[in-house]
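One structure below.
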Amino acid sequence: MSRVWIKPVPHCLVSNQIAICYIGSAKLCPEAEYYLNSLNRNYFSFLCRKINDMIAAGDINITKVERSKLKDINLENIPFGKYFTDHMLEVDYEDGEWKNAEIKPYQPLLLEPSVAALHYGQAIFEGVKAYKNANGEAHIFRPLDNFKRFNISAERMQMPQVPEEIFMEGMRMLINLDKNWIPQQEDHSLYIRPFMFSCDEMIGVRPSEKYKFLIILSPTGPYYSAPMRIYVEEKYVRAVPGGVGYAKAAGNYGAAMYATAQAKKIGYDQVLWTDAYEHKYVQECGTMNVFFIIGNMAITPGLEAGTILAGVTRDSTITLLKEMGFNVEERPLSINDIIDAHKAGILYEVFGTGTAATISLIKELRYKDYVMEFDVEKWKTAPELKRQLNAIRYGQQADTHGWMHKI
Ligand code: COI
């Protein structure tokens, strides 16, 4: 394929469609033309994607730091989300296209106070993690799933789609540059934070015409370090059908803070959200999806109402639970059913899942005055899930699901 003659692309970054048209009009040497004509459809689209990636990668300018900050930081027992690596990716959306893709030293953004995201919250993000295996090779856990979810959030918030080559290749190049920042000890990883926000300098309420897409990286330890006490919330709500609960919109997290603060005042770590109509069916727990092991079933709230984030760790947990022999049910689960199972002695385990949290054990659940306490030391399922996920991520167990994406 090295003989295919591709003209320089006039725009910095191109969408799939433009790339395909572009390739269609590119000047090819005769052999390449014959070869391309004879390709089957799948291979042709694979080739387009590859060429697209090459174009995008070639168009991401890199400016490296003169001196790495890594020397000043101890990567052992590092707190969650406090330190950031040397570099970041920044890309602009203007005039209907993505441009100015740059990897550069981590630095403040210069923004006008009128910038729309600050006023109306057109802002979305993702959480992804990279790990280093025993051979020192860096891998990202299921980044394509985060990429897809990112664009689902973008659509719901009336924001532009970020092309796969920018999201994936930008992430890969950035991590490659800062791979020495990936901590290697258990429960540590490099947390990857892709995000996008609206940038029009204007205080009228309408979708922006300008956006920024960035990726920053944070070497990180566990998010919740100890088993949690959870308060079942019946006054405030996180999500309603028809709302933005399924999107990773920044406002979902801001809106959760008041209720969480109230629960913290009375000694709880997080709230378990319930549905907006009846406060009867459980939804998410803090920033996590939630699972209940009841008898031989593993139950987690379903995604159909659009009130639950389709967690990548949630999906991985469902897969592993099925392999462990559980009947996994994704469906509405009422707090009354949970209490009945507790009274019957068959509510065995309750845990949260999330990129940041991984698998977090819940040692107490309180609904009104009814308190359910658990002896987490005796649990088998959640610790086994965590063990398997960690083993896959750190390369100690075969990645039979194709979850690890090599840098
Ligand atoms: C994640 O699990 O990645 C999250 O986004 C949760 C939180 C850190 C906001």
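Just so you know, all these numbers are worked out from the coordinates, no wet-lab data involved. Being a predicted model, the structure only gives us computed values, none of them experimental. When we count neighbours, we look across all protein chains shown, and the Cβ atoms used for this are built from the backbone with ideal geometry, even at glycine.
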Problem set entry | Of LYS132/LYS386; LYS129/LYS406; LYS129/LYS386; LYS82/LYS129; LYS69/LYS210; LYS71/LYS179, pairs whose Cα-Cα distance is over 22 Å | LYS69/LYS210
Problem set entry | Net charge, ALA249 excluded, C-beta distance under 13 Å - Lys, Arg +1, Asp, Glu -1 | +2
Problem set entry | Among 347-355, 193-201, the order from most to least packed when residues are scored by Cβ within 10 Å on average | 347-355, 193-201
Seminar exercise, completed: Phi-derived 3J(HN,Hα) across segment 197-212 with the Karplus relation (6.51, -1.76, 1.60, θ = phi - 60°), rounded Hz, x for Gly and Pro, is 9, 7, 10, 4, 8, 5, 10, x, 8, 6, x, 5, 9, 10, 9, 10
For this session: With a Förster radius of 30 Å, plug the Cβ-Cβ distance of ASN336 and ALA391 into 1/(1 + (r/R0)^6) and report the FRET value to the nearest 0.05.
Result: 0.20
For this session: May I ask you to compute the full-extension gain from ASN180 to ASN61, defined as 0.36 nm times their residue separation minus their alpha-carbon distance, rounded to one decimal in nm?
Result: 40.8 nm
Exercise. Can you list the aspartates and glutamates whose alpha carbon is less than 13 Å from that of LYS343, not counting same-chain residues fewer than 8 positions off?
Worked result: GLU373
Exercise. Any idea how far apart ASP315 and ILE407 come out in nm if each label point goes 7 Å out from Cα toward Cβ?
Worked result: 2.3 nm
Seminar exercise, completed: Under 5 Å from the placed amide H of MET88, counting only residues 5+ away or on other chains, we find LYS104, TYR106
Problem set entry | Size-normalised alpha-carbon gyration radius of the chain, reference 2.2 N^0.38 Å | 1.07
For this session: For segment 123-133, just list the computed ³J(HN,Hα) in residue order, Karplus coefficients 6.51, -1.76 and 1.60, θ = phi - 60°, integers in Hz, with x standing in for Gly and Pro.
Result: 8, 9, 8, 9, x, 9, 10, 10, 10, 10, 8
For this session: Pull up all non-local amide H partners of LYS280: gap of 5 or more, or a different chain, and H-to-H distance under 5 Å with H placed in the peptide plane.
Result: ASP275
